[in-house]
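The structure under discussion appears below in the form of structure tokens.
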Amino acid sequence: SLRFPFRLLCPDNSPSKYGITENGFASDPFSVGSPRSRHKLTVLFLKLSLVVIVILALTGSFWWTLSISTLSRGHIFHGYRRLQEQLVLDLWDIGELSLGASRMKEIDFCPEESENHIPCFNISENLALGYSDGGEYDRQCGQGSRQSCLVLPPVNYKIPLRWPTGRDVIWVANVKITGQEVFTSGSLTKRMMMLEEEQISFRSASLMFDGVEDYSHQIAEMIGLRNESNFIQAGVRTILDIGCGYGSFGAHLFSKQLLTMCIANYESSGSQVQLTLERGLPAMIGSFNSKQLPYPSLSFDMLHCARCGIDWDEKDGIFLIEVDRVLKPGGYFVWTSPLTNVQSFLRNKEKQKRWNFVRDFAENLCWELMSQQEETVLWKKTSKKNCYNSR
């Protein structure tokens with residue numbers, strides 16, 4: 001029987017038919033050499049091969065199923081749930097679009113004074129409600145604050161330039177600011193802007209941009225780094241810039257793989273946040289003076305304030321406590337202000353008193369005063385637990 005497969009592969013070509021063989025014995029009609037027997041053996045061999053293949057396939061599938069870990073199953077289930085949720089959202093959007101034509105007829109356009117409308121934000125209404133001391137700059141959502149109208153873009157609005165060109169050049173018509181306001185602005189970042197016909201340019205090739213580059217280089221040296229390109233090595237990736245001007249500090253650091261978030265108050269004539277967003281950089285309107293920032297604790301590696309208009313010595317240091325909350329352990333607080341200039345202390349006792357309060361309060365918060373150069377002071381938040389237990 002073991003020779004059957006070999007005989008199938010190498011059949012005997014001798015002329016043995018049904019009847020008498022060479023040896024004189026009668027041949028078996030079902031012998032290996034007959035065509036009928038070879039056909040049956042071939043079919044049997046194919047069936048056995050098919051059964052073996054099926055068994056191997058089922059066994060492999062079974063072991064593959066067992067090899068899927070619990071984590072993989074969780075990913076599969078999570079992906080399935082996401083597909084379900086996306087399907088529901090798509091169906092909801094389709095329903096909204098189907099009713100869009102009838103709804104659009106019911107919505108009117110907003111008046112011109114609502115061109116820069118911000119929901120739940122109106123200084124005059126907030127003052128009437130009794131908010132003050134910075135609270136008037138917050139978004140207060142009252143019952144009658146909601147409007148149902150379509151806000152029109154500016155009259156001569158143009159599509160922003162493709163990024164990263166749009167980071168350095170924006171259209172004047174897209175923002176609420178005039179050329180005169182650009183040139184008469186007092187802050188460093190605003191003076192750096194150059195007006196070119198219909199555009200505002202923040203080009204890094206200009207000589208005026210060196211102010212931001214030198215400033216960021218100075219901060220890096222105060223930390224002990226060679227330049228701002230080494231911020232990542234010091235654990236700095238995310239920066240909160242309070243009162244960011246027009247985002248030039250964050251725009252420069254973006255080229256160093258750093259992400260800077262701008263937060264500033266609303267300005268009726270040319271908001272800092274509006275221009276920063278137009279440049280394609282992250283920014284939001286918010287008042288640091290009135291309430292807790294909308295960020296979880298330990299969110300940023302650095303908090304930067306360059307003439308941001310916040311009196312850190314007011315309200316018994318609560319603003320510094322908020323800085324400590326959003327800073328990660330080992331994070332940095334950079335403050336640039338005329339108040340920190342040592343020469344001004346000698347001439348003004350009141351400034352010296354305010355500076356002493358901030359310095360002592362920062363020490364009680366377990367911050368290490370790392371460096372002070374001209375008007376810039378840099379603290380580092382400690383990572384040691386023993387100081388937190390005693391403060």
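The values are calculated or read from the model by the stated rules, or taken from the named source; none is laboratory data. On a predicted model such as this, the values are computed, not experimentally measured, just so you know. Heads up, the Cβs are rebuilt from the backbone with ideal geometry, glycines too, and the neighbour counts pull from every protein chain shown. Just the protein is used for accessible areas: all its heavy atoms, side chains included, with ligands, DNA and RNA removed. Shrake-Rupley method; radii C 1.70, N 1.55, O 1.52, S 1.80 Å.
Of the candidates VAL323, VAL358, VAL334, VAL342, the single residue that is in contact with a His (Cβ under 7 Å, 6 or more places away or on another chain), over 18 Å from GLY135 (Cα atoms) and among the hydrophobic types (A, V, I, L, M, F, W, C) is VAL334.
For the list (1) modelled with pLDDT of 85 or more; (2) over 30 Å from SER124 (Cα atoms); (3) buried (at least 19 other Cβ atoms within 10 Å of the Cβ), I need the number of the one condition that THR340 fails. The number of the failed condition is (1). Does LEU89 qualify as being modelled with pLDDT of 70 or more, more than 30 Å from CYS149 (Cβ to Cβ) and either assigned to a loop (DSSP other than H, G, I, E, B) or of a type outside the set (Gly, Ala, Ser) (or both)? Criteria not met by LEU89.
For region 149-165, give me each residue that is closer than 15 Å to ILE200 by Cβ and out of contact with any helix residue (DSSP H, G or I) (no Cβ under 8 Å at 6 or more places or on another chain).
Passing the criteria: LEU161, THR165.
Residues being at negative phi and in contact with an Asp or Glu (Cβ under 8 Å, 6 or more places away or on another chain) are entirely absent from region 342-352.
The single condition among (1) open to solvent by 10 Å² or more (accessible area, probe 1.4 Å); (2) closer than 13 Å to LYS380 by Cα; (3) in contact with a Gly (Cβ under 7 Å, 6 or more places away or on another chain) that ALA283 does not meet is (2). Checking each residue in region 354-391 for being closer than 15 Å to ILE318 by Cα, in a helix (DSSP H, G or I) and either touching a Ser or Thr at 6+ places or on another chain (Cβ under 6 Å) or not aromatic (Phe, Trp, Tyr) (or both) picks out ARG354, VAL358, ARG359, ASP360, ALA362, GLU363, ASN364.
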